[in-house]
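Here is the structure we will look at.
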Amino acid sequence: MSTRLTSNGWMINRNVAVEFTFNGKRLRGYEGDTLASALLANDQMLVGRSFKYHRPRGIVASGPEEPNALVNLGSGARLEPNQRTTTTELFDGLEAQSQNHWPSLEYDVGVLNNYASRFLPAGFYYKTFIHPRAAWKHVFEPIIRKSAGLGQAPKDRDADHYEQAYGYCDVLVAGGGVAGLQAALVAGRAGARVWLVEEATVWGGRARVDGDIIDGMAAQAWVDQTVTALMAMPNVTMRLRCQAAGVHDHGYVLLSERVADHTPGDGRPRQRLWRLRATRIITATGAIERPLSFPGNDIPGVMLAGAVRDFVGKWAVSPGDRTVIVTNNDDAYRTAIALHGAGLEVVAVVDARVSVNGDLPERVRALGIRVETGKGIAKVKGTKRVEGVEICVQAGEGKASSFVACDCVAMSGGWSPVVHLWSHCGGKLAWDEAGAFFRPDPDRPPLSHDGRAMVIAAGAANGALRAAATDADAAARIALDMLAMKPAKATAPMHDLPEEGAMAPVWVMPQGADIALRSKMWLDFQNDVKVSDVQLAAREGYESVEHTKRYTTLGMATDQGKLSNINGLAVLAESLNMAIPQVGTTTFRPPYTPVTLGALAGEARGEIFQPLRRTPMHAWHEKNGAYFEPVGYWRRPYCFPRAGETHDQAVHREVRNTRNAVGLLDASTLGKIIVKGPDAGRFLDMLYTGVMSTLPIGKCRYGLMCNEQGFLSDDGVVARIDEDTWLCHTTSGGADRIHGWMEDWLQCEWWDWQVFTANVTEQYAQVAVVGPNARKLLERLGGMDLSKETLPFMQWADGTLGGFAVRVYRISFSGELSYEIAVDAGQGAAFWQALIAAGVEFGAMPYGTEALHIMRAEKGFIMIGDETDGTVIPQDLGLDWAISKKKADFLGKRGQQRSFLANADRWKLVGFETLDGSVIQDGAYIVGQGVNANNQRNVQGRVTSTYFSPTLNRGIAMGLLRHGPQRMGEVVEFSKIEGGTVQARVVNPVFFDKDGEKQNV
Amino acid sequence: MLILECPYCGVKAEETELSPGGEAHLKRFGPDSSDADFEAYMFARKNPKGVHFERWRHAYGCGKWFLAARCTATLEVFGTYPAQSTEPPVEVIDKIKAKRPDWKGFK
């Protein structure tokens, strides 16, 4: 059993007990525990079930590489699945639930998959769920969905908040072990702005637990001294609980800082995402120990050797009373020494190497511990807990030579540098024969903007597993040289190292294992990928490591192959009879460990998810019960419902009132761009399809803009202000885009033309006063002559109304007598209220965007985004009259000459009236004869705008129809979403006041 | 996330401040151009793994368009220069040639 020891435990404070629950069971740990160490201290070795076979899973590692010990952490609004117990700090009241089992962790029905495992080989899903096709929807998919994923997704809104912050530095040092500390020290002393980040809660990494001696000092003394020196430097920023999660282009690094994960609800942001820009990055991220592939290596109680001595040393937890160590290198002997020192029994060290005589093995032998050389593990006995191992000859086929009872197996297959940060931006790796690992290739680093190395590897992350601080000293000097900075005079720290014997790469144990044994050697513990699966994939032709990964799911678990990748691709290489470097690795993608979505969103959620644009009259609209709709970043009133009214009823009232009396529309969102300069007329002639240069001062003209392909992009009324000034109205959503479009052509194509543009959309509030009583209402305000003679249709004038300085455009988007009146934005609210007040006697009511849409549709006016979708040219909409035939060139002219756009068979705009008066559904197609190659009904057109017209008391629609204008009076059929069709007659798209008499009074 | 120096305001701008505008140094073909010329202008874009010339706008800064020469594979930036250039400046060309001896030129 696993238990708490009385000695050791420098991470825990035995004076402060902490209570927590695991699957509802109340347990106790100490301050400083991780959830993993506290679980082990309570003899909770079984902590989860594997993904595919639901096999029992125990804690295997002690850091972020942990693949097994994942839990649902918290509850309700603080529930988060797949949390690694090995990096979760224990706090009072912590709640954890194990995952992927039913009905309970101890008795899981899903384990039946385990006994059917030979029917669930690699690629099982691909091979099985193919036929019959019909079974997909009702059988396969529901089953797969139910069994997908490990933890539960939270259902409540996240109760926590998150923040993002920015940082800048010359050198970022990722990792606060002895390598990172030394690199930061060298860079800091040279005066560089340094950031040093460490994901754990303490500095020093593995040095103390490994018993390192640096410059004659015990590791912890050296660490303390270095941290003190760094803290005294104002140019060095140090952050614990802060992981460099991803390295991106040009030194952009995301740091994930766990601020209050261990103190939930204390008011601080739970996590902080740093968006750091570093000129150079030193990755001192250490190394991860590899498991060994022997039969039964997944049974709870089989752990990494380094993790075992972490638990014994740091948290005073014994994973077992009797431990067998199995290794192919000298480092694992440190675990034997640590266990022995803690008074625990090391039954045997099983070493795959034949000749073992390094300093550490000799010390272990001197302690009286049995060392079996040339041996391996033939079998691990036990199901939910290790009961013992059978030892065999490594070179053989797995005939057991002896049985040893034990309750813990500490394995070490050697260590692999953590090359993730090096690789995120394309740093290449070299195969190190001696260590049997990939390490950063200094000749092929990831590059920064200047073409020089962006990342420099230091210490164990650079392959210097033992003399890490010495290596990091050199790395920091390289970084300083690139920054043109001089290191202070100091000698590199020296490690006092024992003589270590060479490790022997062991990928399968025992070497000659048959298929039965290889089917019990786990590579990926979480996803249940075994040696036999990778070998099967290779036999079936999956030779690329990327294909094998996806076929077998090797390395696709939440640990992203931190434990399994090297072993897996070594097995693949062996199966393919290739060298490991030839097979290569899968791609290392950020983040290093998952970053929670809340941190990536930061503060941008809820009300401040995106900025809102409000017109000067917005507050009045809110106060008067407007129902808003989004238009770009704007919020515009859709309608102003009165008590007891539905939105439809409100819209219809607004339309009728505007047609019969007078309506007021807040048109402030309309885009307004001033184009000014000696070449402004020439410029607008290029931009619009029509001619704007000839527009007389004081007049307005409707214009269309197309992109270079000829497709209609925006429309609006242009007013000539003076000799060299035009004001261009754009659509509400289009102002910024069109302004950018103008600047693009002015800056990049016609840069010798003398033109200025200014987007003044927000400088003016604009109100449309619309309806038969519009003039009477404005005359009541008084101040300028608005008669038909002085201000005819399509003209504008400056003046005053009710004391407000105004510019009045006599333009109409409704077919009614209509004035659009611009005032300074600051006067907008007051002017609007003056209109509302003066309008009472004329029956004035505000109206919203839906009434606007209906009235324009009744008049057959097009709307950008309804009648257009980026594939429609003005000619499709019958707007040929707005396209100049005289101009030699305008944007889109050449595009429109292309054969498909000049084709007479295009769908063209017409109106539709249903025979039964109903409203055609949005997006309906006009069905044609026969079917196409995919056996779908042919179509000959589609609806673009469809409304109930309160004016005509029937459904009206506009749409595009093949040869439309030549088919007036014909009856066509529109599809319905529920099936069937509705008949409609092809009519003129102008439904109301065809001669335009109403607007021209 | 790239950093490009705006040649107008001198700001070393982060990619979030910029908006991309595709390939630089395109020649516009208008009415009376051949179908082949128009097609090339409208649609045919280089997609090199290596040296590339691009249009960028300092959209959330000074608002100016500028051009950048960079390597699409390594993200190395050889230089930025005003949009009012019909071809890359000599110093940018020289820098690219020095760093990429095999480079075939910008056309």
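What follows draws every value from the coordinates through simple rules; no lab data is involved. These figures come from a predicted structure and were not determined experimentally. Note that each Cβ is placed from the backbone with ideal geometry, even for glycine, and that neighbours are counted across all protein chains shown.
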> Check residue A:634: other-chain or 5+ apart residues with amide H under 5 Å from its amide H, H built from backbone geometry?
Replying inline: A:613
> To the nearest µm²/s, what D does Stokes-Einstein give for the stretch A:764-914 at 10 °C and 1.306 mPa s, using the Kirkwood radius over alpha carbon pairs as Rh?
Replying inline: 88
> Considering only the protein assembly as shown, what is the antiparallel percent among its DSSP beta bridges, to the nearest 5?
Replying inline: 75
>> For peptide B:67-77, what's the mean number of Cβ atoms from other chains within 10 Å of each residue's Cβ?
In response: 3
>> Nearest 500 deg cm²/dmol is fine: what mean residue ellipticity at 222 nm does chain A get from its DSSP H runs of n ≥ 4 alone, each adding -39,500 (n - 2.57), divided by its residue count?
In response: -6000 deg cm²/dmol
>> Using a 10 Å cut-off around each Cβ of peptide A:241-252, what is the average number of partner chain Cβ atoms that fall inside?
In response: 2
> Stokes-Einstein D for the stretch A:291-413 at 25 °C, 0.890 mPa s, Kirkwood Rh over Cα pairs, in µm²/s?
Replying inline: 177
> Got a sec to turn the phi values of the stretch A:540-554 into Karplus ³J(HN,Hα) couplings, 6.51 cos²θ - 1.76 cosθ + 1.60 with θ = phi - 60°, whole Hz, x for Gly and Pro?
Replying inline: 7, x, 7, 8, 7, 4, 5, 5, 4, 4, 6, 6, 9, 6, 4
> Given the convex hull over the Cα atoms of chain A, what projected area results after averaging over all orientations, in nm²?
Replying inline: 49.6
>> Check which residues have an amide H placed less than 5 Å from residue A:860's amide H, if you skip close sequence neighbours.
In response: A:991
> So how do A:497-505, A:248-256 stack up, highest first, on mean other-Cβ count within 10 Å?
Replying inline: A:248-256, A:497-505
> Can you run phi through the Karplus equation (6.51, -1.76, 1.60; θ = phi - 60°) for the stretch A:155-168 and list ³J(HN,Hα) in whole Hz, with x for Gly and Pro?
Replying inline: 9, 8, 5, 4, 6, 8, 10, 10, 9, 10, 9, 10, x, 9
> Between rounded, prolate and oblate, where does the stretch A:603-660 land on the alpha carbon gyration tensor, with a ≥ b ≥ c its root eigenvalues, rounded for a/c under 1.5, else prolate if a/b exceeds b/c?
Replying inline: prolate
>> Per-residue Cβ counts within 10 Å, from other chains only, averaged over A:893-899: what number is that?
In response: 4
